[in-house]
1. Just to be sure I understand, how many residues within segment B:52-72 are aliphatic (A, V, I, L, M), touching a helix residue (DSSP H, G or I) at 6+ places or on another chain (Cβ under 9 Å) and either more than 21 Å from B:Arg95 (Cα to Cα) or facing another protein chain (nearest Cβ under 7 Å) (or both)?
2. If you scan segment A:101-152, which residues turn out to be more than 25 Å from the chain's Cα centre (by Cα) and assigned to a helix (DSSP H, G or I)?
3. If A:Lys308 satisfies every condition in (1) away from every other protein chain (no Cβ under 13 Å); (2) surrounded by fewer than 22 Cβ atoms within 10 Å (Cβ to Cβ) but one, which is the exception?
4. Just to check your reading of the model, which residue among A:Leu59, A:Leu34 is crowded, with 17+ Cβ neighbours inside 10 Å and more than 14 Å from chain B (Cβ to nearest Cβ)?
5. Would you pick out the residues in segment B:48-62 that are more than 10 Å from the chain's Cα centre (by Cα) and at pLDDT 90 or above?
6. Is segment A:69-79 home to any residue that is away from every other protein chain (no Cβ under 13 Å) and assigned to a helix (DSSP H, G or I)?
7. At the interface with chain A (Cβ under 7 Å from one of its Cβ atoms), assigned to a helix (DSSP H, G or I), in contact with a helix residue (DSSP H, G or I) (Cβ under 7 Å, 6 or more places away or on another chain) and of a type in the set (Gly, Ala, Ser), is that true of B:Ala75?
8. For segment A:196-312, which strands (runs of 3 or more DSSP E) that fit wholly inside it have 2 or more residues that are in contact (Cβ under 8 Å) with a residue 40 or more places away in the chain and within 27 Å of A:Cys370 (Cα to Cα)?
Amino acid sequence: MTSQCLSAPENFPSPPPSVDCWNCAVMKKEITALELAFRRKTKITATLVNYIRKYAEELAGRDPYRVYKIMDFCGTHEWTIVHFGLRSLLEVAGVKNVELVAGPGCPVCVTPSYYLEEAIKLAFEGMVVYTYGDVFRLPAIRRINGARTLAEAKALGAEVRVVHSFLHAVIDAKKHNKPALFLGIGFETVAPGYSEAILKGVVPPNLKLMSLVKLTPPAMFYALDMVREKPIDYPISGVIAPGHVSTIIGGKAWVPVAEHFGIPVVVAGFEPNDVLTAVAEILRQIKNGEYKVVIEYTRAVKWEGDLKAQSSIYTVFETVDSAWRGIGYIPKSGLALRDRFKQFDAFEYFGISELTPEKWHYDLPPGCRCAEVTLGKAKPTDCPLYMRACTPDRPLGPCMVSVEGTCAIWARFGGGGLATEIAKEMGLA
Amino acid sequence: MCWAVPAVVKKIEGGIAYVDPGDGIERPAVIGIDEKDVQVGDLVMVHAAVIITKVDLSTLKESMEMWKRMAIELATATGEDPATAARVIEEEMWRVLKLVEEVKAGRSDALKELA
């Protein structure tokens, strides 16, 4: 395969000067589709809510004080829960002993400040830095030449370009041929995009990848352990596993979690009914004393995942210990380029020294509780900065930036107005 | 990092797929999964210009059966008619399945209504 395979069609949009992910046309379209899908199936929703209530009541009969905490790992599941007000919907329906807890599923929130600072530095040194829209506004803990974010660096004259994807950066980097860096954040979902582009030979020699890919199963182990750490809290009783990450790694990847902690894990889709089905299945399993991995999102996820994607990822990358912002090192939770692909490695090419456990230092602003929010130990409203010093327009902490950050989702979609309206329509309130 | 959108594959050239998420604009995407599985006309999920899975809409019938079982279990417990409860689920899902048929028949604008 030669590099000429990859040519931009005439109407291919050039990289925008900045991207507002909340108002991107494709995202708006998807939100509308999700809302339509919901409105079309409210009777199924009512059935699911009644089913959840039945099992919740049966469990309450067993132990009236117990709260069943269910972790929704993925930022997009948290979006579904908040946007459609599923927490208030369950409350209105009389489900008092089930709590949905947001988990670490937001890559922008957990990317260490160090890498961002290195990227800002390189941008000022004249390299072209490509980044996703939500990383563009992500604040670092230290200022570099007066800039705390890549957006500020751009305003001060540095070359920062916002792209929708790695492919976009590949197409653009070929045009200018200047040394360029791609800030490669993400989970397993984006990894095959990076590895396939490298294996197909479409990445131009001037574009280097800074691989900051994180792996979700190790983070889930860590988050579940952390919540158990406090004896006053009830442990997580079940997990809603990320749907699109699982298209790559498969339902099988969650078996160790289910078996180690003895809790049900349900891989769910992103419609409100998908999430409610997952909650219903988790409660059913708890009541029957089961702890299995079940795929609810069968239209997209297979038990074994995509073997081709898995093989492509592990051909190009190796698993390494990785730092999570505000949290520290989680063993075997990141992906780095293997030696034979070092020619694409930004760390190698630009001489960026890798972060080590000795060099890592706590990298959240004073007062910010993003790490606890990420691990499901605190709610955004527990943070003293939330909606006071830290707002979506002027984010201080990383959880307030991304479309998948729990604080940003609560700030933009909180309130549950839609849920109450729907609950009335369904005769639940 | 789970935000992905459904799109229809319009053409495949040199290992890169061009997908339409329902607005008529074809966008290039890396095929992250097994290329043998992806053909023109397929419905796929696209995440940051990476095709991460092919959507198998025939499983919607499985979902319908699962919800029907739940509705029947509920109705039996509360003393309602299980057949009526199952029919309510079927009626709602039929509308969704009709939409799916339209997408399969190549009407990608029907995607606007399919999440």
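1. Qualifying residue count for the region: 5.
2. Matches in segment A:101-152: A:Lys121, A:Leu122, A:Ala123, A:Phe124.
3. Going through the list (1) away from every other protein chain (no Cβ under 13 Å); (2) surrounded by fewer than 22 Cβ atoms within 10 Å (Cβ to Cβ), A:Lys308 breaks only (1).
4. Only one candidate passes the filter, namely A:Leu59.
5. Once the filter is applied, which keeps residues that are more than 10 Å from the chain's Cα centre (by Cα) and at pLDDT 90 or above, segment B:48-62 yields B:Val50, B:Ile51, B:Ile52, B:Thr53.
6. So far as segment A:69-79 goes, no, none of its residues is away from every other protein chain (no Cβ under 13 Å) and assigned to a helix (DSSP H, G or I).
7. Answer is no for this residue.
8. Per the criteria, A:207-213, A:236-241.
The values are calculated or read from the model by the stated rules, or taken from the named source; none is laboratory data. Here the structure is a predicted model, which is why all the values come from computation and not from measurement. Every residue, glycine as well, gets a Cβ built from its backbone with ideal geometry; the counts of neighbours run over all protein chains shown.
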